[in-house]
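Novice: The structure's right below; bear with me while I get my questions together.
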Amino acid sequence: MNRNNLEKYIIDRNQVKIMFTNSILTLSVLTSEIIRVFQDRGCNNNSYAIEENKTEETSFEVKKIDDHLELKTSKLIIKIYDDEKVDVYDEQENPLIIDYRGNRIPLDRQVDASHQKLAESEGHDVATSTEKNSHYYELVKKLAADEQFYGLGDKTGFLNKRHYAYENWNTDNPEPHLESFTRLYKSVPFLIGLKNNHPYGIFFDNTYHSYFDLGKESNKYYYYAADDGNIDYYIIGGTSLKKVVENYTYLTGRTPLPQKWTLGYQQSRWGYSISAEKVEEIVDKMRKYHLPCDAIHLDIDYMDGYRVFTWRTDTYDDPKKFINKLHKLGLHIITIIDPGVKKDEAYQIYQEGLQKGYFVKALNGQVYVNKVWPGDAVYPDFGRNAVRKWWAENCKFLVDLGVDGIWDDMNEPASFNGEIPENIIFSDEDKKSTHGKMHNVYGHNMAKATYDGLKKASGKRPFVITRAAYAGTQKYSTVWTGDNQSLWVHLQMMIPQLCNLGMSGFAFAGTDIGGFGADTTPELLTRWIEAAIFSPLLRNHAALGTRSQEPWVFGEPTLSMYRKYLQLRYHFIPYLYDLFVKESKNGLPIMRPLVLNYPNDPKVKNMNDEYMVGTKILVAPVVEEGKDFRAVYLPQGKWIDFWNNVTYSGNNTVLVNAPLDKLPLFIKKDTILPWGEVKDHISSQPDEKMIFRVFGEYGNYLHYQDNGTDFAYKHGEYNLYEINVDGNRASINLKKHGYEPVYQRIELRTIDKKIDFIFKDQKYLQI
């Protein structure tokens, strides 16, 4: 075999073009910790994940050393060899990403032709050994003995993805999601590695069907492969896992600060929206049973024959009046929207899109037709800016009625009449492309259009929820894990799913509490609301035909326990909001795995049943049926049991009693946390008083306040409160005053006393 020898290189500003005998590889230095590796293979070079120029002026040097070329920044060392081999080290020469020098050896499944035939005759789907080099291209990397993998969005299974294989092809699979699933609704090709406690990230910006094998095939290597596209990936360094996530979200974008009410509880069910009376019945019971709630979701039944941007009139006399009535009760309305537009000659949206050529086309040039909820349906070509703008403008119909947020569903894109062929004509901005390339960014582009539409029509921070997503969708939308089931294994899987989503940039994420499909039980529902109570998106959602899972259905004690944890959620909303302020600047998730905060602790690298909220709260839910106690691992430091104030030393496992009404919850000692007032809903009126709880004898905290609704904060309309406690001394400083009104009273609560402050003469005085 002829070698592809490294021959020469050319430096052009931040790019190093490396010429080999048979190919060219271009390395671009974006920052000292982000380097792009690119090879043009004839595909349109447009990124949907990365917007705007992310290149910073960065010093680097390139030199030829013996048999390789070395590119060096202050944080990374890249060594390039013959045959396009690329090795990555940190500034201390610790190996991070090393190209594998051997050949892939397909997994030996020990299946010969006769056994395969026999098994298939009984209905078994038997996998055979994979052919080598069956993909358009493969990037094979050396696998270290202790290498751990995280990220990749919300793939099923455990937190650590080592030994598993996955695909990136957004898929609507209604079957119960299992650990063996290789693909779900989202494709987030961002891999985080931890090798000998040295972190790194790799972002493969390729929208085609692609594959990760993370040591399933071999203990010697892991690989990424794709069916088409350019070689286009980003090496992401960082001194810590947090820094890697920060760098990745710098590249692909960060979740913007949401409206405050979106952190409240949200109630949903497929079937509520059949009539105004049914929705109002649910709302009445939420208030009757004193269950805090901020939003009701309307599934597909509110539409006229499942036509998008319509509202049925047979069971809704006046949608605007109906929504206004709920607004007066403090409820917000979220409506579902699917991309499939009903093929109906009398339907304005269909006619307009048809006339303007906004729908994707078959190879014969005719509009492509498949089936979804409305029957025969066509698909907007969201890869085009004009189509996104048109969709955004149509969102005004819902905003004008009073709708507060939009839920994008079925946007993988899903179809009922077989999967959409990969050669169907889609657009890649101004270039014609295929479904094969645009499939994984279809939901991303729809979410972007919806975000832009809500922003323009309302002037408020948009609230968009999307099922399908790609890297970077976090800039536009909240996500949830899709159609889970009322199964204990799905409750268990929620924690690693949401933690990996958070590490993949999706800070605002949640799961269907209680499970979407199947029938929940009182115990499962109770444990689920406990486990999810700190998930950023807090929504109970269930499928048509399943057992009702509103808490009052089960009577007592389920109702009281459910109420207890909703009230707890509302106490913590000011803290969650503070975390979102930080996240919007650094990209670090709200709900996160312990390994993100304690990457050098070997006991947390595979921890699936605990998580943290920021850096100060540790949550250890009970996720097994019938269990009323559990072991809780506490990392370094001292930790205070939230319920009884007992202090425990870290690097230690404690046995905790956890009856059905108790969520094991620990606060790091010497922590100050804001403690919001329990209300039926998040008020649009500013609070006159704020409480801060002190866990320990010392601490400091920076608290943020704004109007919680629009973009005035970007122009400085916000307050920052600095709280300091040093033993018996306490002080409150209004560090920034850009928003009115300020808190008139602030109360500090320690374990055994209260300290009150009033606002007088532009400062806080202890009384």
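What follows is calculated from the coordinates using simple rules that are stated; it is not laboratory data. A quick note: this is a predicted structure, and the numbers were derived from the prediction, not measured. Note: ideal-geometry Cβ built from the backbone for every residue, glycine included; neighbour counts use all protein chains shown.
Novice: Taking H as built 1.01 Å from N, whose amide H comes closer than 5 Å to the amide H of TYR137, not counting residues under 5 places away?
Specialist: It is ALA226, by chain and number.
Novice: Amide H of TYR185 versus every other amide H placed in the peptide plane: which residues, excluding those fewer than 5 positions away on the same chain, fall under 5 Å?
Specialist: Those lying under 5 Å, H to H, from TYR185 are THR171.
Novice: Something else about it: Using θ = phi - 60° and the Karplus relation 6.51 cos²θ - 1.76 cosθ + 1.60, list the HN-Hα couplings for the stretch 472-477 in order, rounded to whole Hz, with x at every Gly or Pro.
Specialist: Working through the residues one at a time gives x, 4, 4, 5, 10, 8 Hz.
Novice: Something else now. Once a ≥ b ≥ c are taken as the square roots of the eigenvalues of the Cα gyration tensor of the stretch 559-657, is the result rounded (a/c under 1.5), prolate (a/b larger than b/c) or oblate (a/b not larger than b/c)? Could you put the intermediate results ahead of the total?
Specialist: Numbers: a/c = 1.65, a/b = 1.04, b/c = 1.58.
Taking the square roots of the gyration eigenvalues as a ≥ b ≥ c, the stretch 559-657 is oblate.
Novice: Let me ask you something else. Output the peptides 610-620, 198-208, 90-100, 183-193 sorted from most to least packed, where packing is the average of other Cβ atoms within 10 Å over each peptide's residues. The partial results should precede the final answer.
Specialist: Details: 610-620: 22.4, 198-208: 24.6, 90-100: 16.2, 183-193: 26.2.
Per-residue Cβ counts within 10 Å, averaged per peptide and sorted highest first, yield 183-193, 198-208, 610-620, 90-100.
Novice: Would you compute, from DSSP H runs of 4+ residues alone, the mean residue ellipticity of the chain at 222 nm, taking -39500 (n - 2.57) per run and dividing by the full residue count, rounded to the nearest 500? List each step's numbers first, then the result.
Specialist: Details: 13 runs with 150 residues, N = 767.
Roughly -6000 deg cm²/dmol at 222 nm, from the helical runs in the chain.
Novice: Hey, another quick one. Total Lys pairs in the stretch 685-766 closer than 16 Å by alpha-carbon, pairs eight or more apart in sequence or interchain only?
Specialist: On the way: LYS689/LYS754; LYS689/LYS760; LYS689/LYS763; LYS714/LYS736; LYS735/LYS760; LYS735/LYS763; LYS736/LYS760; LYS736/LYS763.
Counting lysine pairs in the stretch 685-766 gives 8.
Novice: Once each part is reduced to its C-alpha centroid, what is the distance from the stretch 235-264 to the stretch 143-210 in angstrom?
Specialist: First find each Cα centre; the distance between them is then 18 Å.
Novice: Still on this structure, I have one more. Could you go through the stretch 534-543 in sequence order and give the Karplus-derived ³J(HN,Hα) for each residue, using 6.51 cos²θ - 1.76 cosθ + 1.60 with θ = phi - 60°, rounded to whole Hz, and x for Gly and Pro?
Specialist: Coupling constants for the stretch 534-543: 9, 5, x, 8, 10, 10, 8, 9, 9, 7 Hz.
Novice: Further question: Considering Cα pairs under 8 angstrom that are at least six residues apart, work out the relative contact order of the chain and quote it in whole percent. Walk me through the numbers before you get to the answer.
Specialist: On the way: 1794 pairs, mean separation 79.3, N = 767.
Answer for the chain is 10 percent.
Novice: What label, among [x] 106, 67, 57; [y] 81, 68, 57; [z] 161, 51, 51, belongs to Cα extents along the principal axes in Å computed from the structure on display?
Specialist: Entry [y].
Novice: Follow-up question, since we're still on this one. With the cut-off at 1.5 for a/c, could you classify the stretch 395-517 from its C-alpha gyration tensor as rounded, prolate or oblate? Please report the intermediate quantities before stating the final value.
Specialist: Values: a/c = 1.72, a/b = 1.14, b/c = 1.51.
Oblate is the answer for the stretch 395-517, as a/c is 1.5 or above yet b/c matches or exceeds a/b.
Novice: With the Cα gyration tensor of the stretch 685-766 in hand, convert its eigenvalues to equivalent ellipsoid semi-axes via √(5λ) and list them largest first in whole Å.
Specialist: After diagonalising the Cα gyration tensor, the semi-axes are 24, 12, 11 Å.
Novice: Cα gyration tensor of the stretch 6-252, axes a ≥ b ≥ c as square roots of the eigenvalues: rounded (a/c below 1.5), prolate (a/b > b/c) or oblate? Don't skip to the answer; put the middle values down first.
Specialist: Details: a/c = 1.88, a/b = 1.64, b/c = 1.15.
Prolate is the answer for the stretch 6-252, as a/c is 1.5 or above and a/b outweighs b/c.
Novice: Quick one: which residues, 5+ away or cross-chain, put their amide H under 5 Å from the amide H of ALA468? H built at 1.01 Å from N.
Specialist: ASN411
Novice: Can you grab the distance from the C-alpha centre of the stretch 298-364 to the C-alpha centre of the stretch 3-61, Å, no decimals?
Specialist: 45
Novice: Here is a follow-up. Tell me which lysines have Cα within less than 21 Å of LYS371's Cα, excluding those fewer than 8 residues away on the same chain?
Specialist: LYS342, LYS343, LYS361
Novice: Could you rank the peptides 549-560, 486-497 by their average count of other C-beta atoms within 10 Å per residue, with the highest value first? Intermediate results must be reported in sequence, preceding the final value.
Specialist: Numbers: 549-560: 16.9, 486-497: 22.4.
The densest-packed peptide leads the list: 486-497, 549-560.
Novice: Quick check on packing: order 237-247, 588-598, 34-44 by the mean number of other C-beta atoms within 10 Å, highest mean leading.
Specialist: Numbers: 237-247: 21.6, 588-598: 24.6, 34-44: 17.8.
Descending mean neighbour count gives 588-598, 237-247, 34-44.
Novice: Longer than 30 Å from Cα to Cα, which of LYS17/LYS243; LYS195/LYS582; LYS161/LYS616; LYS186/LYS320; LYS63/LYS605; LYS278/LYS679 are they? Say none if no pair is. List each step's numbers first, then the result.
Specialist: Numbers: LYS17/LYS243 28 Å; LYS195/LYS582 28 Å; LYS161/LYS616 26 Å; LYS186/LYS320 34 Å; LYS63/LYS605 37 Å; LYS278/LYS679 24 Å.
As for pairs spanning more than 30 Å Cα to Cα, those are LYS186/LYS320; LYS63/LYS605.
Novice: For the stretch 687-693, just list the computed ³J(HN,Hα) in residue order, Karplus coefficients 6.51, -1.76 and 1.60, θ = phi - 60°, integers in Hz, with x standing in for Gly and Pro.
Specialist: In residue order, the calculated couplings are 6, 7, 9, 10, 9, 10, 9 Hz.
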